[in-house]
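Take a look at the structure below.
The values are calculated or read from the model by the stated rules, or taken from the named source; none is laboratory data. Remember, predicted model here, so these are calculated numbers, not experimental data. Please note: Cβ atoms are built from the backbone with ideal geometry, for glycine as well, and neighbour counts cover all protein chains shown.
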Amino acid sequence: MKELKILIIDDEEAICDACSQIFTKDGYLVETCREGTSGLQKIDNFKPDVVLVDLKMPGMSGMEVLEKIKKKDKNVVPIVITGYGTIELAVESMKNGAVDFLRKPLTAEKLKSVTRKALKERKASVEVQPLRDNEAGTKRDHYTHIADLVVFVKPLDLPPSLYPFAKCTGWQESMTAEQDVRFLILKIRGTVDSYHAIVVKNNMDIEQVEEKIHKDLGIVKLSNATRDKLKELLQKFRSGEFTYFVRHQINKATFPHRH
């Protein structure tokens, strides 16, 4: 049976040592690096299954490391570990391929739980790769995240509590009067669920929205229920029937549930 490999890239020696001990005791092969450049070289030689990446490091940042990992090997599963957890960092990390976002201080149980989940997702992405058709024929995509619909709302109806999500798309408060766009907010399932927003235009169909989600958020697939509901909402949006839709509350956002 293949021994599973974990690479830890963190400038803190104590973090590297503690994580290495935890994973070694569970039977994993473990390597550590203290900065991004040598970490990327180690990926070529060590060929890890999972990489834990600190975001704040001297020299090459963890975000740069994530971008380069995605280009090197799409089957490597990155997990972000950081002491600076914000919504914006989580969104950017997910866009760059991270499957989870862990805030320091880390616990042994949390590390092991997230890593087991990441390895399970890696196995699924390698062995059961979803097929999608495009104009050039059939291509193979890797999905490691499932997304659920939370909010579909026009800018004018967006409550201030949701501005941080919308601003991640480049939106500014001066754009609230725009009538031909909607904000789609999705919950990405994970050990810690995260929320992400994209802008949808009124001439887009469900396939175009899925393509935009894939482009903006990375390896994300809509749940079946979300896809069906979103398809219905897009049709209403194009016909002018639609106001807004809210399935869950985020950050104590409280505005009416209407269709």
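Annotations
- Options 215, 201: the member that is out of contact with any Phe, Trp or Tyr (no Cβ under 8 Å at 6 or more places or on another chain), under 12 Å from residue 94 (Cα atoms), surrounded by fewer than 16 Cβ atoms within 10 Å (Cβ to Cβ) and at pLDDT 75 or above: 215
- Of all residues in the stretch 196-242 being aliphatic (A, V, I, L, M), touching a residue at least 60 places away in the same chain (Cβ under 8 Å) and not in a strand (DSSP E or B), the one that is nearest to residue 74 (Cα to Cα): 219
- Of the residues contained in the stretch 72-91, none is found to be among the polar types (S, T, N, Q), surrounded by fewer than 20 Cβ atoms within 10 Å (Cβ to Cβ), over 28 Å from residue 186 (Cα atoms) and assigned by TED's automatic domain parsing to the domain that holds residue 113.
- Positions within the stretch 1-31 being in a loop (DSSP other than H, G, I, E, B) and small (Gly, Ala, Ser), in sequence order: 27
- Residue within the stretch 32-41 that is assigned to a strand (DSSP E or B) and farther than 19 Å from residue 113 by Cα present: yes
- Candidates 125, 161: the one that is over 28 Å from residue 62 (Cα atoms), of a type in the set (Ser, Thr, Tyr) and modelled with pLDDT under 80 is 161.
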